[in-house]
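Peer 1: Before anything else, here's the structure in question.
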Amino acid sequence: MSFHTDALITDFTDAAFKRCFRQYFAELGIEVRDWDGLFEEMNADSGNEAYIRTDANGNVIGFIQFIPIRFTSWFFEEVCGFIREFWISPEYRAKGHGAELLALAEKRFADNGIYTAILTTETAERFYSAHGYVRAAGCKAKNNDPVLIKRL
């Protein structure tokens, strides 16, 4: 694998994050009218973090964005690490970068006392399954995508 740098981002107005997030949405065909408002919304969402990976020339390899979320009932409570967005630039796919970024997020969760990761996916279920994620039976996402979990 080539030389790369991983940066933990908590300010979503960071130029590198904005650049890679725009590439990600362009690939998905999602248009955003107010980019600055979107990034400010991400900043307002307390606990939101991301790792951005860049190559030796500063080109974006990919990113993984995540946040702790609290599930509560009248008797139980669990904080899970929710992987919100995850993207690898097409020219860097299938080279181990996705697995390494996923491992960074999972380590960040565990280092903060979070022992369950949760996410939805419509395109990468095989990738997540290969990394220990399973379908969360009985759990439904508002976007109707499959929900996957992993005990860390």
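Peer 1: Of the residues in region 9-37, how many are in contact with a Leu (Cβ under 9 Å, 6 or more places away or on another chain) and in contact (Cβ under 8 Å) with a residue 60 or more places away in the chain?
Peer 2: Adding up the residues that qualify gives 1.
Peer 1: If we scan region 28-37, do we find a residue that is within 23 Å of Lys95 (Cα to Cα) and at pLDDT below 90?
Peer 2: yes
Peer 1: If you check Asn57, Asn144, which single one turns out to be modelled with pLDDT under 95, more than 15 Å from the chain's Cα centre (by Cα) and at positive phi?
Peer 2: Sole residue among the options that is modelled with pLDDT under 95, more than 15 Å from the chain's Cα centre (by Cα) and at positive phi: Asn144.
Peer 1: Counting only residues that are open to solvent by less than 10 Å² (accessible area, probe 1.4 Å), among the hydrophobic types (A, V, I, L, M, F, W, C) and free of Cβ contacts under 8 Å to residues at least 60 places away in the same chain, give me the strands (runs of 3 or more DSSP E) lying completely in region 38-133 with at least 2 of them.
Peer 2: Answer list for region 38-133: 49-55, 60-72, 116-120.
The values are calculated or read from the model by the stated rules, or taken from the named source; none is laboratory data. The structure presented is a predicted model; accordingly, all values stated were derived computationally and were not measured. Using ideal geometry, Cβ is built from the backbone for each residue, glycine included, and neighbour counts are taken over all protein chains shown. These area figures cover heavy atoms from the full protein model, side chains too; ligands, DNA and RNA do not enter into them. Shrake-Rupley method; radii C 1.70, N 1.55, O 1.52, S 1.80 Å.
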